[in-house]
């Protein structure tokens, strides 16, 4: 149960009034109640942003959005140990953000949904506009 639902329930108990989403709200008279399903749908979005907020995982997702690579190639590119890269890839795989395929002894990963790359690139450009990252020019894929 999300925070919004808990707050509404507490409010209902306190004043005994109907609230938006369960009828009409005395404050908003239904003008904003259409937003509640969308707001409640956002409860799971924080999990995606939690995954993206880790520096190594966001770099891995960006790399995999550009091309399919093996665990060894990603470890070399990011100058990380194989166990560290494997750990983060396992999390990304369990969250269904990446897919993998085995070719002999190597495992290759790729981004499962290109829309995630759109989100990462948009965040990257936004961070650049805010002066949070060094200016760059995205190379063609």
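Keeping to the stretch 50-67, report how many residues are touching a helix residue (DSSP H, G or I) at 6+ places or on another chain (Cβ under 9 Å) and without any contact (Cβ under 8 Å) to a residue 24 or more places away in the chain.
Here the count works out to 2.
Out of 118, 134, which single residue is without any contact (Cβ under 8 Å) to a residue 40 or more places away in the chain and surrounded by 10 or more Cβ atoms within 10 Å (Cβ to Cβ)?
Being without any contact (Cβ under 8 Å) to a residue 40 or more places away in the chain and surrounded by 10 or more Cβ atoms within 10 Å (Cβ to Cβ) holds for just one of 118, 134, which is 118.
Select from the stretch 48-93 the residues that are exposed (fewer than 13 other Cβ atoms within 10 Å of the Cβ), assigned to a helix (DSSP H, G or I) and modelled with pLDDT under 95 and list them in ascending order.
The answer is 49, 50, 55.
Limited to the stretch 94-141, what total is found for residues that are farther than 20 Å from residue 47 by Cα and assigned to a strand (DSSP E or B)?
So the answer is 9.
When you check residue 27 against the structure, is it at pLDDT below 75 and in contact with a helix residue (DSSP H, G or I) (Cβ under 8 Å, 6 or more places away or on another chain), yes or no?
No, not satisfied.
The values are calculated or read from the model by the stated rules, or taken from the named source; none is laboratory data. Nothing here was measured: the structure is a model prediction, and the numbers come from that model. Cβ atoms come from the backbone with ideal geometry, glycine included; neighbour counts cover every protein chain shown.
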